[in-house]
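A quick write-up on the structure given underneath.
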Amino acid sequence: MNCDFEKAIVIAKKEFADRLWSPIFLSLLGTLVLVIFAVTYREILETELYSQIGEIPIPPSAVLEGFYSTSLMMTWFSPLIGIALSFDSIIKERNSASLNVLLTHPVFRDTVILGKVLGAVLLLLTVMLVSSGISLGTIILLLGAKVNAMEFSRIAVWFALTFLYAMVFLGIGLICSTFVREATDSLVYNIVIWLTLSIMFSWILTFLSYSLEPVVSAGVLDITNSLSALSPMHHYAELSTGRANLGWGGGGERDNISGVLDIRFTLAQWLKEFWTNLAILFIAPLILLITAYLKFLREDISA
């Protein structure tokens with residue numbers, strides 16, 4: 001390994017700037033900001049209605065309540081941001097032959113891929129910060145609520161979970177970019193993966209359960225529960241809201257802890273309940289990024 005971190009930072013800055021002004025990225029970011037504002041505003045109106053009729057929402061915090069609906073929107077949109085930042089990251093360089101030119105200079109392949117990953121991760125982090133800031137700012141301005149230390153810690157953990165979830169799809173997009181030759185094909189594959197693992201995953205499991213029921217008299221529920229572990233959305237949904245998933249036809253609330261935003265329980269109790277989900281959500285992007293890294297080191301850049 002001959003990675004030069006200073007040169008990787010230079011590449012990361014270039015990747016950050018190129019992606020930041022990409023029309024696809026800007027359109028997705030604008031849509032995400034508008035949707036989060038609208039959803040947060042709707043949640044605020046519902047929270048005010050609850051207070052007027054004397055019902056206490058779960059969690060019993062106006063600030064954290066707004067992030068429940070934000071979790072739903074981030075389940076759908078944050079993967080798209082990760083995909084937009086990575087689906088053609090290697091393809092466009094290969095097709096423009098800029099990799100050949102770049103590697104004629106004293107820059108090694110691992111430096112190039114590290115710089116690209118760092119640039120994409122930093123921009124993804126920026127998007128997550130902007131999205132969370134929009135949601136929190138809307139709640140504070142419209143409700144006049146103050147954020148205490150306990151609420152801020154829950155929001156910080158929620159932010160980390162959302163970032164890891166989006167990182168999974170960034171890693172998937174980077175892998176597709178190293179294996180696929182055309183940007184259009186890579187985008188199609190990523191969208192199909194996103195729809196399958198997030199939006200339509202609950203419908204797929206329901207279809208499988210009805211299909212297997214006549215064949216397997218017992219254990220259908222165990223099979224579908226095991227298959228649900230294949231979806232990063234499932235792990236993010238349980239960690240953030242306590243629900244089995246947040247896609248179309250998603251499962252209902254859990255009987256005990258309603259995710260990290262449920263202040264009836266401590267963070268230690270939440271971690272004890274969901275530590276396997278957290279471990280998978282943390283390990284999955286690492287495996288995907290390492291796979292893309294190793295594949296790029298063996299990539300034929302002349303094609």
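Peptides 116-127, 16-27, 284-295 ranked from most to least packed by the mean count of surrounding Cβ atoms within 10 Å: 116-127, 284-295, 16-27.
By the rule of a C-alpha distance below 27 Å, with chain neighbours fewer than 8 residues away ignored, the lysines paired with K92 are K7, K13, K14, K116, K295.
No lab work stands behind these numbers, since they all come straight from the coordinates. Note that the structure is a prediction, hence the values are computed from the model and not measured. Heads up, the Cβs are rebuilt from the backbone with ideal geometry, glycines too, and the neighbour counts pull from every protein chain shown.
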